[in-house]
1. Only strands (runs of 3 or more DSSP E) wholly contained in the stretch 49-146 count here; list those with 3 or more residues that are closer than 18 Å to SER329 by Cα.
2. For the subset of the stretch 196-206 comprising residues that are of a type outside the set (Gly, Ala, Ser) and surrounded by 18 or more Cβ atoms within 10 Å (Cβ to Cβ), which member is farthest from the chain's Cα centre (by Cα)?
3. Being touching a strand residue (DSSP E or B) at 6+ places or on another chain (Cβ under 7 Å) and on the phi > 0 side of the Ramachandran plot: is that true of GLY114 here?
4. Go through the residues of the stretch 135-149 one by one and say whether even a single one is open to solvent by 10 Å² or more (accessible area, probe 1.4 Å) and at pLDDT below 95.
5. Select from the stretch 254-272 the residues that are under 18 Å from ALA314 (Cβ atoms) and of a type in the set (Val, Ile, Thr) and list them in ascending order.
6. Which one is nearest to LEU357 (Cα to Cα), of the residues in the stretch 22-36 that are part of a strand (DSSP E or B) and open to solvent by 10 Å² or more (accessible area, probe 1.4 Å)?
7. Taking the stretch 259-285 as the region of interest, how many residues are assigned to a helix (DSSP H, G or I) and either among the acidic types (Asp, Glu) or open to solvent by 30 Å² or more (accessible area, probe 1.4 Å) (or both)?
8. Has the stretch 396-416 got any residue that is β-branched (Val, Ile, Thr), within 26 Å of HIS246 (Cβ to Cβ), in contact with a Pro (Cβ under 9 Å, 6 or more places away or on another chain) and modelled with pLDDT of 95 or more?
Amino acid sequence: MKRCGLLLLATVGLAAPPIVIRNANVLTVTKGRFQGSIVIRDGKIVEAGPKVTIPGDARIIEAGGQYVMPGIIDPHSHIASESTNEGSVSVSSMVSIEDVLDPEDIAIYRALAGGVTTIAVMHGSANAVGGQCTVIKLRWGRDARGLVFEGAPPILKFAMGENPKRRGTPPTLLPGVTVAAQPRYPATRMGVEDVMRQAFLEAAAYRESWRRYEEKRKRGEPALPPRRDLRLEPIAEVLEGRRLAHVHCYRADEILAVLRLAQEFQFKIPALIHVLEGYKVAREIAAAGAGASTFTDWWAYKVEAYDAIPYNAAMMVRQGVLVSLNSDSAELMRHMNQEAAKTVKYGGLSEDEALALITINAARQLGVDKRVGSIEPGKDADLVFFDKHPLSNYAKVLRVMIEGEFYFDRDTDMSRRAEVEARKKILLERAREREKKQAPARRRPS
């Protein structure tokens, strides 16, 4: 059913009919695999198994042996946003990616074509304490608010290592005007840790001032509320466990440094991001209850990445770390299934373990695993149809469903390409005609 049809049903107060995906090779990730059907009602999976009860009014989707898996989840991306870094200060926790979401970014559609349905749009790593991040579903065609994953826990970005200790950059001035870059603290790794610790100390004091105010107010004593600090509020939420901390890091020494910081201030880290030397300190990461979100075979693109190995993800999994894969790239996120497949070759993970790296494990790190990440009754019907097993290098995404609605269809895409190219040609010709008409006016002397 087309999107306009669903909207029409909602307008007249009628419920959309249930959907049954039949004769599929279903990869649940958490409950094994089976050949059977999935029943969807109101955007939720209500039944999945070799034999299901098919409602009489159901819309049947014949899978014909295609492979169906949960929508791929990328826990670290920078697409769909008009800004990435507020690099002017070392602590930028007051800014939010949600304010700059770009629903027209073509990378959303391209990611859908690769089977991705949920991503965390992250602030960049130019700051020791970065900005607030936003979890979205790739509902292509919706506005910015329509992308937001409702109820997903908020996230604050932190960064260790090379990126936050870079020098400041000169402001943009008139052409030909240059100024020297202004140094910005921190300039060393020990300075990065100091900035983080100072931010947590200030946030703890800020939280304590509010606690004392609330106690006085409850006792009926006269009290003035503390002045709100939008920079410290998100950090205080991390200390209270109401906001997730995701930390960019590479080297073993900085991984241990941030784990000690988390222990000092008693907060958890669901995801150490990139963590290319995680295999060196996997036991320590597991003991701290932290997660890790890594690449498979990216290395040597900067000094911090020189000791990266393709066995990193599997070695951390074997030590009991909750591991996911992330893209950090609009291109790589289009073939995350192939990235997962590499961990079977490099490390010997099972099919379910490999698929978990791009589904349920990522969902757990984002705090949305009750809704997405596996095919189970009660979860959102975010599903990807492959023509072959998704860990095959030859597998293609055929269709992508989010909450029971198709947002990508390969056949439809292919059939519309000639039409789109024709329309593009017409628009370009019109633009050239306007340029020709406006050219004499621009040349006329004033």
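1. Values: elements: 59-62, 67-70, 72-77, 116-121, 129-137.
Correct list: 72-77, 116-121, 129-137.
2. Narrowing the stretch 196-206 to residues of a type outside the set (Gly, Ala, Ser): 196-198, 200-202, 206.
Next, only the ones that are surrounded by 18 or more Cβ atoms within 10 Å (Cβ to Cβ) stay: 196, 200, 206.
Numbers: MET196: 23, PHE200: 25, TYR206: 30 Å.
So, considering only residues that are of a type outside the set (Gly, Ala, Ser) and surrounded by 18 or more Cβ atoms within 10 Å (Cβ to Cβ), the one farthest from the chain's Cα centre (by Cα) is TYR206.
3. For GLY114, the condition - touching a strand residue (DSSP E or B) at 6+ places or on another chain (Cβ under 7 Å) and on the phi > 0 side of the Ramachandran plot - is not met.
4. Among the residues of the stretch 135-149, not one is open to solvent by 10 Å² or more (accessible area, probe 1.4 Å) and at pLDDT below 95, which makes the answer no.
5. Applying the first criterion (under 18 Å from ALA314 (Cβ atoms)) to the stretch 254-272 yields 255, 271-272.
The one that is under 18 Å from ALA314 (Cβ atoms) and of a type in the set (Val, Ile, Thr): ILE255.
6. ARG33
7. Of all residues in the stretch 259-285, those assigned to a helix (DSSP H, G or I) come to 259-265, 278-285.
Narrowing further to those that are either among the acidic types (Asp, Glu) or open to solvent by 30 Å² or more (accessible area, probe 1.4 Å) (or both): 260, 263-265, 279-280, 283-284.
Final tally of qualifying residues: 8.
8. Here is the first cut: in the stretch 396-416, the ones β-branched (Val, Ile, Thr) are 397, 400, 402, 412.
From the residues that got through so far, the ones that are within 26 Å of HIS246 (Cβ to Cβ) too are 400, 402.
Next cut, in contact with a Pro (Cβ under 9 Å, 6 or more places away or on another chain) only: none.
No, the stretch 396-416 has no match at all.
The values are calculated or read from the model by the stated rules, or taken from the named source; none is laboratory data. This structure is a prediction, so every number in the text was calculated from the model and none was measured. Glycine gets a Cβ as well: all are built from the backbone with ideal geometry, and neighbour counts include every protein chain shown. Please note that ligands, DNA and RNA were not included when accessible areas were found on the heavy atoms of the full protein model with its side chains. Shrake-Rupley method; radii C 1.70, N 1.55, O 1.52, S 1.80 Å.
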